[in-house]
Structures are given as C-alpha cells and as structure tokens.
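Since the structure comes first, as structure tokens, the remarks are kept for the end.
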Amino acid sequence: MSEVRLPLSGGCQCGQLRYRVNTMPLTFYCCHCTECQGQSSSAFGMSLRVPADGVELVGRTDSYLRDAGNPIAVEGVFCPDCGTRVVHRGRGADSGSSVKAGTLDDKSWLHPVGHIWTSSAQPWVKLDGLIYDKQPDDGYAALIDAFQARFALVSR
C-alpha cells in the first residue's frame, strides 16, 4: 500500500496560483477523451478527484465554463498570468473537483488506478488498471474503491 501525505500542494507554472489539497483524494485516473487531449496538449489528462471543498486555492484565478448550457458543465480554473489549468470543478450532480495532477509539487507517488474514455486513447499508450471505453457508468465507484485499496492516508 502506498501513502498519501496531506496536505498535497501544487500550482501553476509561474507560481502566482498555488493550491493545497487538505482532504484524502477520492481517486486518481487518466482521461483519454479528445477534450482532455486538447486541454493538456498531451495524450491524456491526469485527474486527482477530491471532494469539492478539498482544494484551497491561493492567488488570482480565472475560469472557463465548458459546455455552459449543460447543467453538469465543467469549470476549468486556471492562472490568468501563465494560463496553467490547475483544477476542474464539476457542476450539478458532479460537484467534485479534479486537480490536474501534473501541477502537483510531488508527482512521484502518482499511479493511476484506471483509464476512462479509452475509445479515443492514442494507440501507443499502454493501459493498466480499470479500463472504461467511455465515462464510467458507476459514478467512479470502482475507481474510488481501487484508489482506497491502494493508498493510505498519512498526515504530515
């Protein structure tokens, strides 16, 4: 079993926007949808899901509301100085947050428990763990269970 040491900290590339994760993350997975590929400028996005009140932002922020007409639209929060996206906030039924895990100060412990939207994954990406062709039907329950089984909380 690996350890998660709270608080987790991270921030944008220029350092003007910082954050702390003060609660145990729910899960960590990679999303291979074409939106995450475009937003991350990579083959996938890395999402560390936390309860909505589990992320404390320090510094100026701006945001982009993706699919604003949708009741479950996602708000992307980023640094207005360098443009680094640090967190996604869900709306409606999904009010949790996803920290963009590449912005964590310490990424050494990260290992995804699964992958979603693999129907659009790049063919060279090697997948392990739980695999979902699209969005999980179970509301991330299996991903959360897998994360909880792999990681233990250790306070600093």
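The values are calculated or read from the model by the stated rules, or taken from the named source; none is laboratory data. Given the structure is predicted, the values throughout are model-derived calculations rather than measurements. Cβ sites come from the backbone with ideal geometry, for glycine too, and all protein chains shown count toward neighbours. Side chains are part of the model used for accessible areas, which takes the heavy atoms of the whole protein and leaves out ligands, DNA and RNA. Shrake-Rupley method; radii C 1.70, N 1.55, O 1.52, S 1.80 Å.
What aspartates and glutamates does Lys107 reach when the alpha-carbon gap must be under 14 Å and sequence neighbours fewer than 8 apart in one chain are set aside?
Within the straight-line cut-off, Lys107 pairs with Glu3.
Below 8 Å between Cα atoms, with a sequence gap of 6+, how large is the relative contact order for the chain in percent?
30
What longest range of the chain stays clear of loop-exposed chymotrypsin sites (Phe, Trp or Tyr not before Pro) (DSSP non-H/G/I/E/B, at most 16 other C-beta within 10 angstrom)?
Maximal segment without exposed cleavage sites: 1-108.
Residues of the chain: accessible area per residue at 1.4 Å, in Å²?
Value returned for the chain: 51 Å² of accessible area per residue.
For Cα extents along the principal axes in Å, which listed value, (i) 40, 36, 32; (ii) 71, 44, 30; (iii) 52, 32, 31, comes from the coordinates shown?
After the calculation, the listed value that fits is (i).
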